[in-house]
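Peer 1: Following this message is one structure expressed as structure tokens.
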Amino acid sequence: MATDAMAPITSASTPKIKSELLQQRVRAARWFLVPMLIALAIVAGWPLMRSIWFSFTDATLNDLYGAEWVGFGNYLRWQVLESGTVRYRGVLADPDWWNAVWNTVRFAFWSVLWETVLGMIVALVLNAEFRGRGIVRAAILIPWAIPTIVSARMWGWMLNDQFGIINDLGMKLGLLAAPVAWTASADTAMTAVLIVDIWKTTPFMALLILAGLQMIPKDIYEAAEIDGVHPVKQFFKITLPLVRPALMVAIIFRVLDALRIFDLIYVLTPNSRSTKTMSVLAQENLFQFNNFAEGSTQSTLLFLLIAIFTILYIWLGKVNFEGGDR
Amino acid sequence: MGTTFDLWKFTKSAAFYALVLFIVVVSVFPFYYAILTSLKSGTDLFRVTYWPTSLSFDNFRQVFTQGAFPRNLLNSVFVATVTVILALFLAVTASFALSRVRFRGRGLLLMTILAVSMFPQIAVLAGLFEVIRFLGIYNTPWALIFAYTIFTLPFTVWVLTTFMRDLPVEIEEAAIVDGATPWVIITQVFMPLMWPALVTTGLLAFIAAWNEFLFALTFTVSNETRTVPVAIALLSGGSQYEIPWGIIMAASVVVTVPLVALVLVFQRKIVSGLTAGGVKG
Amino acid sequence: MASIELRNIRKSFGAVNVIKGVDLEVRKGEFMVFVGPSGCGKSTLLRLISGLEDITSGEMLFDGKVVNALTPSKRGIAMVFQSYALYPHMTVYENMAFGLKLEKGHSKEAIRQRVEKAADMLQIRQYLDRLPKQLSGGQRQRVAIGRAITRDPKVFLFDEPLSNLDAALRVATRIEIAKLHEGMHDVTMIYVTHDQVEAMTLADRICVLRDGLVEQVGTPMELYEKPDSIFVAGFIGSPKMNFLTGEKAAAFNCTTLGIRGEHMLVKPDGIWEGEVIHTENLGADTYVYLEMGQEEPIVVRLEGAMQHPSGSKLRVSPMEDRIHRFDEAGKPIR
């Protein structure tokens with residue numbers, strides 16, 4: 001039975017006399033949608049357009065309306081000097097920008113990788129039936145429930161170079177020779193950020209994966225056990241392929257989120273060149289350094305990147321809906 | 001057989017429970033440690049301990065008397081509540097249209113709404129700043145309520161549409177036969193059936209609004225208008241090197257305990273809400 | 001109060017034609033049953049009459065007025081759904097009063113009277129304050145019927161209302177529906193079922209549908225005694241009519257000979273001989289299945305509990321005045 005309620009035809013065949021019921025419902029639907037759409041247009045549509053617009057102008061914080069069009073100048077422009085060398089300017093020629101891109105990609109890659117692997121492990125644990133399963137599920141919700149800022153400060157304290165418990169523990173266990181300045185040192189800053197993000201987000205991944213795992217019928221495993229298939233092999237041959245659709249959706253979702261990251265880095269490792277992501281850089285330029293146009297350019301580029309991934313996500317999601325379901 | 005078999009099973013079991021213990025400890029420890037720290041005072045702070053050694057509420061007292069923290073809490077509650085109510089109000093009727101009425105372009109519209117929730121907030125920051133200044137609501141809670149709609153609205157529409165799609169067809173048809181208009185169907189037939197979904201969605205949206213940082217950082221600049229995340233992020237001491245960790249931890253605990261309690265109470269609903277939005281999504 | 005007329009009604013879902021041109025007249029106050037195999041379109045036809053589905057082409061008239069464009073409530077219909085479709089959050093009283101409240105122009109007192117009257121008719125007065133989930137399946141079905149009654153409709157539509165009930169309850173509710181019809185002479189009732197026993201016992205007239213078209217319309221007895229096609233002959237009546245072809249049919253001057261199991265006599269000088277392959281002993285009747293070289297075994301109904309061991313031979317004769325003769329086109333020879 002189709003769950004798609006009223007199936008009156010709209011386009012297929014044109015009835016001689018169109019039923020009032022259909023008309024009434026479609027009319028009502030329009031009225032119901034309009035307020036929401038207007039709200040979205042004002043809150044999202046227009047600001048997005050304006051932000052993109054600003055990237056093509058020389059706007060500054062104090063003079064937003066007096067901005068003049070500069071085309072792609074903020075993105076890339078060049079001067080040919082008398083000596084013949086070409087000097088490139090603009091965001092796409094800015095090493096800071098590419099450093100930020102690299103940081104973002106690096107962060108997204110490692111965080112999603114670890115969160116998927118660890119999330120899978122946690123999901124498998126939760127999928128098993130054992131006493132105290134409820135406690136574990138409640139426990140893992142805690143990292144997710146804590147606001148990012150609070151997590152950043154909590155971990156900042158734990159990773160503190162002088163008084164941090166991590167250093168203390170590390171040294172006591174013999175893993176560290178000397179206290180590490182996790183958040184301050186360029187080598188370890190990204191690691192610190194990754195630790196906190198993985199701690200915070202693995203539960204979410206675990207829950208999404210768990211939902212996918214729970215859709216796999218138990219009797220497949222029972223049949224495999226009777227056939228004498230080793231549990232590890234069961235995982236790779238049964239679990240993984242069947243959980244793949246849910247897994248892919250969760251991964252793309254996370255990648256999108258990871259590419260946008262701002263809060264954690266701003267608070268945990270401020271002003272660290274090795275963790276500055278695209279969002280952080282853009283925000284800085286927009287509101288701290290008064291490089292409004294430059295910041296707009298950077299945020300637009302990030303938007304483009306996300307847009308490409310979003311289309312991928314939706315396309316993949318649609319494919320799953322039609323193909324992945326039984 | 002015999003003893004070897006039991007030993008293997010025992011080891012597997014032990015390893016499993018060790019893993020479980022590890023997961024629980026890692027999840028809970030930072031929170032536990034924050035509570036621990038917040039209960040220390042003075043130089044105690046600077047000694048690393050793993051178990052509670054002191055029980056001092058100094059830090060908590062300072063959190064509530066110094067600075068504008070109570071005001072920040074109020075701001076957060078106000079902003080999150082109003083933004084959620086607004087979003088739910090707009091979303092209920094919209095999701096009826098999107099889930100129960102077939103019209104051309106519906107699929108596209110749903111995808112667009114989903115896409116909006118994927119916007120990186122930074123991408124609209126500049127434009128939003130302009131609009132907010134234009135409306136004269138800069139540095140007020142209204143700026144945040146306005147801005148937060150960009151993610152609360154698509155999210156609530158998406159989740160409510162999923163829930164509404166699952167309501168049985170016959171009940172709607174019976175209502176139509178009884179002479180109910182779409183508005184009557186929504187208010188008198190569907191809403192009473194949907195209020196658990198509304199609670200869940202509202203809760204998730206509330207948490208998202210509560211935790212939001214970027215917009216709050218950008219659109220509010222004075223201590224009195226700030227919300228909790230920004231307040232906690234910017235908590236600093238007298239000099240550049242003096243970070244009041246005790247107070248920071250105390251503030252963190254104050255903010256987190258109710259949230260954790262809420263999440264634990266509504267566990268099941270939250271998990272189903274998250275997966276409805278995420279996996280199906 | 002209403003007569004319903006369907007003129008060349010067609011319905012397609014996209015490229016699929018479900019109703020392919022139905023002409024039908026339902027008389028005022030009659031109990032009309034739509035029967036047919038799965039997929040014949042009977043439920044769709046009912047929904048077209050109700051107004052829940054759009055009519056692709058053709059005209060539908062209530063009392064001479066074209067109603068194609070009208071919403072269900074404006075057509076003056078009430079519907080009883082297979083799954084009851086009661087509002088789970090409302091009490092029985094509220095369920096039954098809902099339609100009236102929406103109609104406006106009824107005082108609270110008037111509504112109360114109507115609801116209580118309907119509740120009395122169906123003996124559910126004591127459940128008025130309960131929620132649907134506190135009731136059994138049979139009680140819920142009565143509430144669904146009661147909800148339809150309070151609206152005082154011109155046309156009552158039933159969409160396989162007994163399918164979700166167990167056998168004993170089905171019989172009891174069937175009797176109640178029959179009594180309902182007797183008590184409400186002027187209300188036209190249209191009932192959809194796949195169960196031909198329900199059709200035979202409840203209907204004033206039956207409309208047999210197949211593949212989106214009307215096969216035959218008539219009273220139960222007309223369909224039983226004078227089926228217009230092999231399909232209808234085989235569909236109505238339980239057990240299914242026996243069909244014989246070949247020599248045995250030629251002996252009676254037809255291509256296909258139809259004879260019901262209850263119209264066969266076991267006689268030592270019977271004209272046909274068959275081998276017993278199966279016997280069903282139901283206490284009051286016995287059904288004997290004979291292999292006679294036909295497509296399917298021939299069923300013979302015997303009264304009482306008769307013993308005919310498998311493998312034994314039996315001679316039977318059809319009752320001459322009960323034979324149905326069909327030509328090559330499947331049309332009856334009368």
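The values are calculated or read from the model by the stated rules, or taken from the named source; none is laboratory data. In this text, all values refer to a predicted model and were calculated from it rather than measured experimentally. With ideal geometry, Cβ positions are generated from the backbone for all residues, glycine too; neighbour counts draw on all protein chains shown.
Peer 1: Scan segment B:93-101 and tell me whether some residue there is buried (at least 22 other Cβ atoms within 10 Å of the Cβ) and more than 30 Å from A:Gln23 (Cβ to Cβ).
Peer 2: No: zero hits.
Rundown of residues vs (1) at the interface with another protein chain (Cβ under 7 Å from one of its Cβ atoms); (2) crowded, with 22+ Cβ neighbours inside 10 Å; (3) farther than 19 Å from B:Thr201 by Cβ, yes/no style:
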position: B:Phe89; (1), (2), (3): no, no, no
position: B:Phe103; (1), (2), (3): yes, no, yes
position: B:Gly107; (1), (2), (3): no, no, yes
position: B:Thr112; (1), (2), (3): no, no, yes
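Peer 1: Still on this structure, I have one more. Which condition number does C:Arg210 fail, the rest of (1) farther than 20 Å from C:Gly36 by Cα; (2) assigned by TED's automatic domain parsing to the domain that holds C:His106; (3) crowded, with 16+ Cβ neighbours inside 10 Å being met?
Peer 2: Condition (1) is where C:Arg210 drops out.
Peer 1: Here is a further query. For residues that are crowded, with 20+ Cβ neighbours inside 10 Å and facing chain B (nearest Cβ under 8 Å), scanning just segment A:18-27, find the one that is modelled with the highest pLDDT.
Peer 2: Here the answer is A:Arg25.
Peer 1: Wholly within segment C:206-261, which strands (runs of 3 or more DSSP E) include no fewer than the required count, namely at least 2 residues that are within 20 Å of the chain's Cα centre (by Cα)?
Peer 2: Hits in segment C:206-261: C:213-218.
Peer 1: Name every residue in segment C:292-334 that is farther than 13 Å from C:Asn242 by Cα, part of a loop (DSSP other than H, G, I, E, B) and either among the acidic types (Asp, Glu) or touching a Pro at 6+ places or on another chain (Cβ under 8 Å) (or both), in order of residue number.
Peer 2: C:Asp327, C:Glu328 - these are the residues of segment C:292-334 that are farther than 13 Å from C:Asn242 by Cα, part of a loop (DSSP other than H, G, I, E, B) and either among the acidic types (Asp, Glu) or touching a Pro at 6+ places or on another chain (Cβ under 8 Å) (or both).
Peer 1: Which count do you get for residues in segment C:94-109 that are more than 8 Å from every other protein chain (Cβ to nearest Cβ), assigned to a helix (DSSP H, G or I) and over 14 Å from C:Gln139 (Cβ atoms)?
Peer 2: Count: 6.
Peer 1: Exactly one of (1) surrounded by 18 or more Cβ atoms within 10 Å (Cβ to Cβ); (2) of a type outside the set (A, V, I, L, M); (3) part of a helix (DSSP H, G or I) is unmet by C:Arg112. Its number?
Peer 2: Condition (1) is where C:Arg112 drops out.
Peer 1: While we're looking at this one, here's another question. Could you list, in sequence order, all residues of segment B:159-204 that are among the charged types (D, E, K, R), in a helix (DSSP H, G or I) and within 12 Å of chain C (Cβ to nearest Cβ)?
Peer 2: Of everything in segment B:159-204, those that are among the charged types (D, E, K, R), in a helix (DSSP H, G or I) and within 12 Å of chain C (Cβ to nearest Cβ) turn out to be B:Glu170, B:Glu172, B:Glu173.
Peer 1: Right, something else. Quick one: is C:Leu52 more than 13 Å from chain B (Cβ to nearest Cβ), of a type in the set (A, V, I, L, M, F, W, C) and either out of contact with any Gly (no Cβ under 6 Å at 6 or more places or on another chain) or part of a loop (DSSP other than H, G, I, E, B) (or both)?
Peer 2: no
Peer 1: Looking at A:Ala223 and the list (1) within 14 Å of chain B (Cβ to nearest Cβ); (2) small (Gly, Ala, Ser); (3) free of Cβ contacts under 8 Å to residues at least 60 places away in the same chain, which single condition is not satisfied?
Peer 2: (1)
Peer 1: Output the residue which, of all residues in segment B:206-216 that are part of a helix (DSSP H, G or I) and facing another protein chain (nearest Cβ under 8 Å), is nearest to B:Asn72 (Cα to Cα).
Peer 2: Filtering segment B:206-216 for residues that are part of a helix (DSSP H, G or I) and facing another protein chain (nearest Cβ under 8 Å), the one nearest to B:Asn72 (Cα to Cα) comes out as B:Trp210.
Peer 1: Look at C:Arg147 and say whether it is more than 16 Å from the chain's Cα centre (by Cα), away from chain B (no Cβ under 14 Å), part of a helix (DSSP H, G or I) and crowded, with 20+ Cβ neighbours inside 10 Å.
Peer 2: The answer is no for C:Arg147.
Peer 1: Let me confirm something: among C:Ala168, C:Ala178, which residue is under 16 Å from the mean Cα position of the chain (by Cα) and either farther than 24 Å from C:Gly29 by Cα or surrounded by fewer than 16 Cβ atoms within 10 Å (Cβ to Cβ) (or both)?
Peer 2: Result of the check over C:Ala168, C:Ala178: C:Ala178.
Peer 1: In addition: When segment B:118-140 is examined, which residues are found to be under 23 Å from the mean Cα position of the chain (by Cα), facing chain A (nearest Cβ under 9 Å) and either touching a residue at least 24 places away in the same chain (Cβ under 8 Å) or more than 23 Å from A:Leu301 (Cβ to Cβ) (or both)?
Peer 2: Hits for segment B:118-140 are B:Phe119, B:Gln121, B:Ile122, B:Val124, B:Leu125, B:Leu128.
Peer 1: Quick check on my filter: what residues within segment A:134-159 are more than 7 Å from chain B (Cβ to nearest Cβ) and touching a Ser or Thr at 6+ places or on another chain (Cβ under 8 Å)?
Peer 2: Scanning segment A:134-159 gives A:Trp144, A:Gly156, A:Leu159.
Peer 1: Out of (1) assigned to a loop (DSSP other than H, G, I, E, B); (2) over 25 Å from C:Leu61 (Cβ atoms), the odd one out for C:Glu182 is which?
Peer 2: Failing condition for C:Glu182: (1).
Peer 1: Does A:Ala293 fit the bill of being assigned to a helix (DSSP H, G or I), over 30 Å from B:Leu125 (Cα atoms) and not basic (Lys, Arg)?
Peer 2: When the stated conditions are applied, A:Ala293 does not pass them.
Peer 1: For a quick check of your reading of the model, give me the residue pairs whose first member lies in segment C:213-229 and is not assigned by TED's automatic domain parsing to the domain that holds C:Phe31, whose second is outside any strand (DSSP E or B) and of a type in the set (D, E, K, R), with beta-carbon atoms closer than 9 Å and at least 6 apart or on different chains.
Peer 2: none
Peer 1: Continuing with this model, one more query. Let me spell it out: the conditions are (1) of a type in the set (A, V, I, L, M); (2) touching a residue at least 60 places away in the same chain (Cβ under 8 Å); (3) out of contact with any helix residue (DSSP H, G or I) (no Cβ under 6 Å at 6 or more places or on another chain), and C:Met306 meets all of them except one. Which number is the exception?
Peer 2: (2)
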